[in-house]
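Taking it in order: structure first as structure tokens, then the write-up.
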Amino acid sequence: MSSLSEQLVLNIIRKSNMKLTKEMIYVVSGTVWDSPGTMGIRKKINDHINAFHKLGYNTTLVYHEKDKLFFQDSNGNLDSYPLNELAYQMGIFASILSRYITEKKLFFDLVYVRKSCTESPFSLRVARILKAHSAKVVYEIPTYPYDEEMKNLLGKPSLHGWLKSFTWWFFGWFICDRIFRRRLKKYIDCFAVITSLANLTSVFGVSAIKMSNGIDVDRIPIKDRLPDNIISLLGVAGVSYWHGYDRIIYGLHNYYSQSANQKRNVVFHIAGEGSALAELKQLVSNFSLDAHVVFHGMVTGNALEELYNHADIGVASFGAFRKKLNLSAELKVREYISGALPYITGVEDIDVPSSTKWKLLFANDDSPIGIDLVLNFYDKCVNNANITNEMRLFAESNLSWKGQLEKVINSLDNK
């Protein structure tokens, strides 16, 4: 046998023995999985796992509910351990994680951790355990820099909200996180950072890979628009002060307070629960807008699809200025684009040009939203026969999680 033939045979044998998939563990840190307002985070993480699967990884997902810690493998099998909130905060999570990995004799090609807002001696122990049982460790920072965002937790409009936040803010973020986040560099290979900073190369002494928010486009069907005589605006969120939905309500109040001309029927549908909901409901009541603002509460499954199918315009965030942000990469925007739903927003997006015909950008400030401008935008979108194909193609080409996470993996491979 010639040396060339021998080499070909050896290559075939190597390929036949090669592990076709790699193993990874995805740790959701600092988030109570089943708490109100985390639906968007859960969707993002599930999209991440689908993207990693497309990139060749079997994934074990680790997440915490109010009284249990769960390990879910790529086949959907669940292992659970009792773990209440206090025990979680006191670091028992690390002991359970160590036991799980040791008993199953696991070693991971990749660790991916969604970073907690507050690092501590307990979270460093988790990082140390993961590093000892893996080839590469990546921590994702969903928003960077996040210091200003943490400060804004004290900027809530009520004294009660301020007092409630202060203890966590001062001891958890201002002291604990600032001390221990720089010690992560002993245990991780890089940060995957969602940021608008142009020249970011390192964070807390560790190399950083820039990425943006993405979406699993295949998960989002193109919406089947159902025509009616109502122009429906739809906001889907864990409704917080910085979503700025009050600006829409003030805009509707101005619109319906104007003179005698016949008004088109505009209805703002809000799907979700959150800390700002009570204030928004009071505002609607004060303005007698109950016929034009509908609160659906938490909506999922077929009921949510039905809302999307009746929606004419998606509503993104209008309160980024309340977090002192001028750029964003909202997951909800990526859902709107993937489903070919034109949308309005109050902040520039890292990945979506302002010149697109299916996005209407308003000022990033406290001013009411001009409903007449929204109606003009709606009319242009309705008359654009290519809008559905344009939006879907843009999402597939620019907004997929597979493309974003591939950047991280390729960068790790080159280290």
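Readers should treat all values here as calculations from the given coordinates under stated rules, not as data from a laboratory. Note that the coordinates shown come from a computational prediction; the quantities given were computed from them, not determined experimentally. Reconstructed Cβ throughout: ideal geometry from the backbone, glycine too, with neighbour counts over all protein chains shown.
Just a few scattered comments:
- Computed [θ] at 222 nm, helices only, for the chain once each DSSP H run of length n ≥ 4 contributes -39500 (n - 2.57): -11000 deg cm²/dmol
- Of all DSSP bridge pairs formed entirely within the chain, close to 20 percent run antiparallel.
- Listed candidates (1) 23.4; (2) 28.7; (3) 22.1 - label of the one calculated as Kirkwood radius over Cα pairs in Å: (1)
- Long-range Cα-Cα pairs in the range 332-404 (distance over 13 Å), rounded percent: 67
- Entries in 22/407; 185/323; 54/332; 263/323 that, when Cα-Cα distance is taken, lie over 25 Å: 185/323; 263/323
- Net charge of Cβ neighbours under 14 Å - reference residue 386; Lys, Arg +1; Asp, Glu -1: +2
- Rg/Rg_globular for the range 219-398, with Rg_globular taken as 2.2 N^0.38 Å and Rg from C-alpha atoms: 0.97
- Extended-chain gain in nm, criterion 0.36 nm per residue less alpha-carbon gap, residue 178 and residue 396: 74.7 nm
- Between the alpha-carbon centres of the range 101-150 and the range 309-365 there is a gap of 31 Å.
- Dimensions of the range 174-310 along the principal axes, based on C-alpha atoms and rounded to the nearest Å, stand at 66, 37, 28, largest first.
- Between the amide H of residue 113 and those of 27, 138, 139, 140, distances stay under 5 Å, these residues lying 5 or more places away or on another chain, with hydrogens modeled in the peptide plane.
- Within a straight-line Cα-Cα reach of under 16 Å, residue 223 can be paired with the following aspartates and glutamates, leaving aside sequence neighbours fewer than 8 residues apart in one chain: 305, 306, 312, 335, 390, 396.
- Nearest 10 degrees, 0 to 90: helix 301-310 Cα axis against the chain principal axis: 40
- Axis angle, to the nearest 10 degrees, between helix 245-257 and the longest C-alpha principal axis of the chain: 20 degrees.
- Nearest 10 degrees, 0 to 90: helix 401-413 Cα axis against the chain principal axis: 30
- Relative contact order for the range 21-119, counting Cα pairs under 8 Å that sit 6 or more residues apart, in percent: 38
- Here the 3J(HN,Hα) profile of the range 320-335, calculated from phi with Karplus coefficients 6.51, -1.76 and 1.60 at θ = phi - 60°, is 4, 4, 6, 10, 6, 10, 10, 9, 9, 8, 5, 5, 4, 4, 5, 5 Hz, Gly and Pro shown as x.
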